[in-house]
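One structure is given here, and the rest of the page talks about it.
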Amino acid sequence: MEVLLTSPWIPPEWIKAHGLDPRGAWFAEAARAGAVPEGVCAFAQRMADLARPFSDAPIVFTTACDQMRRAADAAQADGGPVFLFNLPATWQTPTARRLYHHELARLGRFLESLGGRAPTDAHLVEVIREYEAHREALRMLSSWCEARQLAEALAYYFDGSAQTFPGRNGTAEHPDSLPHQAAAIDQASASRRVPLALVGGPLLPAQWTLFDSIAAAGGQVVLNATEPGERCLLPALPPPFPGQRPLAALADHYFDHAVDVYHRPNSRLYAWLCPRLAERCIRGIVLWAQVACDLWRAEAASLREALGLPVLVVEAHAVHAGGTREATRLAAFIEALHDCMRPSPAGAAEGWGSGSTDTSRTPL
Amino acid sequence: MTAAPRQLTLEEWDARHALLARGGLREPWYGGPLGRHVEREGDLRLRHLRFDNSVAALRLWNFLLTENRRLRTARAQGERLVGTMKDLGTVPVMAYALPKLRAFYPDGAWWTPCLMECSDRLLNQAEALGVDATFCPVRAMLPAFLTEKHFPRPDLLVCSTGAVCDDFSAIAQRLERLGHAILWWEIPRRRTPQREEVRCDLPGGFTAPRTQLDCVRDEMQRIGAELGKLAGCELDERRLHAGIQSANRVRRQLQTLRDTVYSAPGAPLPALEMLIAEMLAVHYCSDREESLIVLAELTAEAEARVAARRHVVGEEAVRVFWVNPVADLRAMNLLEACGGRLCGSDFMFTHALDLILEDLPSFEALARMALADPMIGPTVDRARRIGAECRRQRIEAVVVSRIPGASHCPWEGTLLREPLAAGLALPVVEVEIPPVCDALLPTLQTRLEALMETARERRRT
């Protein structure tokens, strides 16, 4: 049985260990998409819509934002099997940590009610290792892979298909084949592009055209901090403390490393972004926000002030990005940034990789 | 009862005030003619409102409109100010339990653009700070913090987070980024306990699992400890218990007032004054003892009018339940102009109206109250409570008032409407009220009149 997850901060390992198939809800298609009422977040509406055709596939919503809480209310009113996971907004207190642990245990009971089996510690450890190995591969990939390819690879991870990644032509390929594709990137043109960070909320496969729009305008996404982008890729899981149960270790790891805008304070987001922006010589930020997403939209000014970079807000539309208006705005933004790029002392443009101390980031 | 009940314009009230003053009217130190708030504070909206003509209502308005001044006076006298945000009724109970601490809601600045008819330019300034018109009018709070014209800068800023609306959470986070340190506390999204969980009863007929209650109680204790540090003395069980008893005195008084007004055959007090009176429960408008007096006077006036069968709105008016507070106070006048009267309300803080349990350890009792917040639980819970209140007060129609930009409003209209329409067969209408609703008055009036007509038609059938 598939279980749809609407957040990267719920461990898919826990669902898999129950003998069920976790699937990122970003990649599921609603059979019948409802109209998006004024003021409603299109992503939240999409999640509520998923509850209908997938009535046999339970959906795990989270309390990360008001819109998703209300979407869960709507899905429950429709009678679908819905679990609303209480993600604490605070993260500094033992109380918040305890709340997260409790929620994971409660999710376990929900999974059992669906026919899942409570895992033994040994089985959970096995599943955790499997996921950790996959994440490790993705982390390595993220050190050199082109943003769109990484998004596709992450999609395969979050969508529950661990073994294959999609190629640029849409065919499934083994991860080992990806370096050859990356090698095909024209290094000269890459170094002339303006390195950008794409920061924000859910970016659905239908919206990946945004990467192409940015490239067409002369930019290059070198940091994808959308959901489920690189921001949602947890660091390596440390070995558990002596005597610590694997579920507790898993819960602590997710609780400690969730990086998102809904946290209060959301200083972790900035702590995560800052070194990466510097390391990758990023010149500007494209803030990707759903039309009615208050949490991300309100962050634009703070990102600008705190990070000292120009920010362009691009609003996600219900279906896909890449319209003429977005293209024009992106082009103007990138053009302005391109003009600001100063020749380095060596005379080369300071593009992605050329001014970075992290040479592993330079595209082949 | 001072005169035949009626609603007055500002000019009429000022003339009446002069008459009363000549007749020896005794007022508290913050009293005076209402017109001075227009001249001194720029509260231009008062010119377009209609006010109840009782002396009790005069005191209520003067109490409300002098909060900024009273807060500054308190600070000058050595009191410490606590800015409490979002929880609407919880943290002030703790703050007022401590000596020389005074809590207020910077959230209240959301009415400033209305009161000043946007001449304050707070909304424009909020936009310049990165929070535009797609956010709830509570964004006015953001520049108000920076200018310090509308309330003094608090000594401690506390804000609930978790199951709160996105607008507020985002604006508060922006505020913190602008250099105002915030003490955040977690309020989880209330849920129905599952079979294997320990079930705890909450005020308002809600329930929550023990784990959630423990979480909120721990948070209350954490905030209580910080408030204690600010006050220079510990918020112990004895002090908090006394604070809860005092809070309950205000809540009991307000309950009496609501019961008197909402169950009367005609309205002894208008909707606008009832909205303001209910707001006092949240933080006592920065003076707990005075708010009790204000409410007691209003209750006495309402009781006297009911006894004399003299109403400000007649018995033929449609009995309306109003959901959510209005960004423009004028909307409450409009309800009556369209043939309705307020007989029930959920202004998003019904948990501040319920009595806090006094026979439990105090932090736990407070946590139960916080968890009974109608906005942090499933919308269906809120709809059930509204439904029960509609039955009790023989409500004939429901108005769901949308707050422009608020994250909960686009969803809750449908989620509230369906159970009310299906379970009680009540006509429901949704209206959106911006901070100054003049441009929308014809539309609002048409919608409200249609609702009243529908309700009257149902009377006949």
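3J(HN,Hα) along the stretch B:414-430, derived from phi through the Karplus expression 6.51 cos²θ - 1.76 cosθ + 1.60 where θ = phi - 60°, amounts to 5, 5, 7, 4, 4, x, 6, 5, 6, x, 10, 6, 8, x, 10, 10, 9 Hz, with x in place of Gly and Pro. When each of A:LYS16, B:LYS229 is scored by the number of other beta-carbon atoms lying within 10 Å, the sequence from fewest to most is B:LYS229, A:LYS16. Note on the stretch B:53-123: Cα-only Rg and Dmax are 14.0, 37 Å.
Distances between placed amide hydrogens fall under 5 Å for A:VAL313 paired with A:LEU287, all partners being 5 or more residues away or on another chain.
Measuring nothing but how far apart in sequence close Cα pairs (under 8 Å, 6+ apart) lie, relative to its length, the stretch B:291-349 scores a relative contact order of 36 percent. Ignoring lysines fewer than eight residues from B:LYS229 along the same chain, the ones with Cα atoms less than 18 angstrom from its Cα are B:LYS100.
Within the stretch A:60-156, the trypsin sites (Lys or Arg not before Pro) that combine a DSSP coil assignment with at most 13 other C-beta atoms in a 10 angstrom radius are A:ARG117.
Taking 2.2 N^0.38 Å as the expected size of a compact globular protein, what ratio does the Cα radius of gyration of the stretch B:379-429 give against it, to two decimals? Mind showing how you got there, number by number?
Numbers: Rg = 10.7 Å, N = 51, 2.2 N^0.38 = 9.8 Å.
So the stretch B:379-429 has a normalised radius of gyration of 1.09.
Summarised in one figure, the compactness ratio Rg/Rh of the protein assembly as shown, Cα atoms and Kirkwood Rh, is 1.00. The modelled label-to-label distance between B:ARG222 and B:ALA181, using points 7 Å beyond Cα along the C-beta direction, is 1.6 nm.
Contact order normalised by length for the stretch A:253-332, with contacts defined as Cα pairs under 8 Å and 6 or more residues apart; what percent is it?
On the way: 57 pairs, mean separation 20.5, N = 80.
It rounds to 26 percent for the stretch A:253-332.
Across all Cα pairs in the stretch A:1-146, the calculated P(r) in 5 Å bins from zero up to the longest distance comes to 2, 9, 17, 19, 19, 15, 12, 5, 1, 0 percent per bin. Using the Karplus relation 6.51 cos²θ - 1.76 cosθ + 1.60 with θ = phi - 60°, the per-residue 3J(HN,Hα) values for the stretch B:178-191 come to 7, x, 9, 4, 10, 8, 8, 9, 8, 10, x, 6, 5, 9 Hz, with x marking Gly and Pro. Ranking of B:ILE376, B:ILE395, B:ILE293 by neighbouring Cβ atoms within 10 Å, starting from the fewest: B:ILE293, B:ILE395, B:ILE376. The Cα atoms of the stretch B:1-143 give a gyration tensor whose axes a ≥ b ≥ c have a/c of 1.5 or more with a/b no greater than b/c, which makes the shape oblate.
Remark on A:PHE85: its backbone amide H falls under 5 Å from those of A:PHE61, A:THR62, A:THR63, a criterion applied only to residues 5 or more positions apart or on other chains, H modelled at 1.01 Å from N. When the P(r) of the stretch B:266-373 is calculated, the portion above 19 Å amounts to 54% of the C-alpha pairs. What residues of the stretch A:4-19 lie in the reach of a label at A:GLU112, counting those whose backbone N is under 12 Å from a point 7 Å from the Cα along Cα→Cβ? Correct set: none at all.
One way to sum up the overall shape of the stretch B:209-266 is the equivalent ellipsoid from its Cα gyration tensor, whose semi-axes run 32, 17, 8 Å, largest first. If R0 equals 41 Å, the separation of the Cβ atoms of B:GLU39 and B:ALA450 corresponds to a calculated FRET efficiency of about 0.60. For the stretch B:66-190, a Kirkwood radius taken over Cα pairs fed into Stokes-Einstein (10 °C, viscosity 1.306 mPa s) yields D = 107 µm²/s. Antiparallel beta bridges, as assigned by DSSP with both residues in chain B, represent about 20 percent of the total such bridges. Backbone phi angles across the stretch A:60-72, fed through the Karplus curve with coefficients 6.51, -1.76 and 1.60 (θ = phi - 60°), yield HN-Hα couplings of 9, 8, 10, 8, 4, 9, 5, 4, 6, 5, 5, 4, 5 Hz in residue order; Gly and Pro are listed as x.
Sorting the segments B:449-456, B:77-84 by their residues' average number of neighbouring beta-carbon atoms within 10 angstrom, most packed first, yields B:77-84, B:449-456. By the gyration tensor of its Cα atoms, with a ≥ b ≥ c the square roots of the eigenvalues, what is the shape of the stretch B:366-461: rounded for a/c under 1.5, prolate for a/b over b/c, or oblate? Because a/c hits 1.5 or more and a/b fails to exceed b/c, the stretch B:366-461 counts as oblate. Looking at the square roots a ≥ b ≥ c of the eigenvalues of the Cα gyration tensor of the stretch A:39-112, which shape do they give, rounded for a/c under 1.5, prolate if a/b is larger than b/c, or oblate? Judged from the Cα gyration tensor, the stretch A:39-112 comes out oblate (a/c at least 1.5, b/c at or above a/b).
Inter-chain neighbour count for B:369-379: the average number of beta-carbon atoms from partner chains within 10 Å of each residue's beta-carbon is 2. Calculated [222 nm] ellipticity per residue, helices only, for the protein assembly as shown: -14500 deg cm²/dmol; basis is -39500 (n - 2.57) per DSSP H run with n ≥ 4, divided by all residues, nearest 500.
Highest first, please rank the peptides B:340-346, B:33-39 by the mean number of other Cβ atoms sitting within 10 Å of their residues.
Details: B:340-346: 25.0, B:33-39: 17.6.
Ranking, from highest mean packing down: B:340-346, B:33-39.
Computed on the stretch B:178-237, with alpha-carbon pairs under 8 angstrom and 6+ residues apart, the relative contact order is 26 percent.
Residues whose amide H comes within less than 5 Å of that of B:LEU269, counting only those at least five positions distant or on another chain, are B:VAL312 (H built at 1.01 Å from N in the peptide plane). Cross-link partners of B:LYS86 among lysines, defined as those whose alpha carbon lies under 17 angstrom from its own and excluding same-chain residues fewer than eight positions apart, are absent.
Read the figures in this text as sums done on the coordinates, not as results from a lab. Note that this is a predicted model, so its numbers are computed, not measured. Glycine gets a Cβ as well: all are built from the backbone with ideal geometry, and neighbour counts include every protein chain shown.
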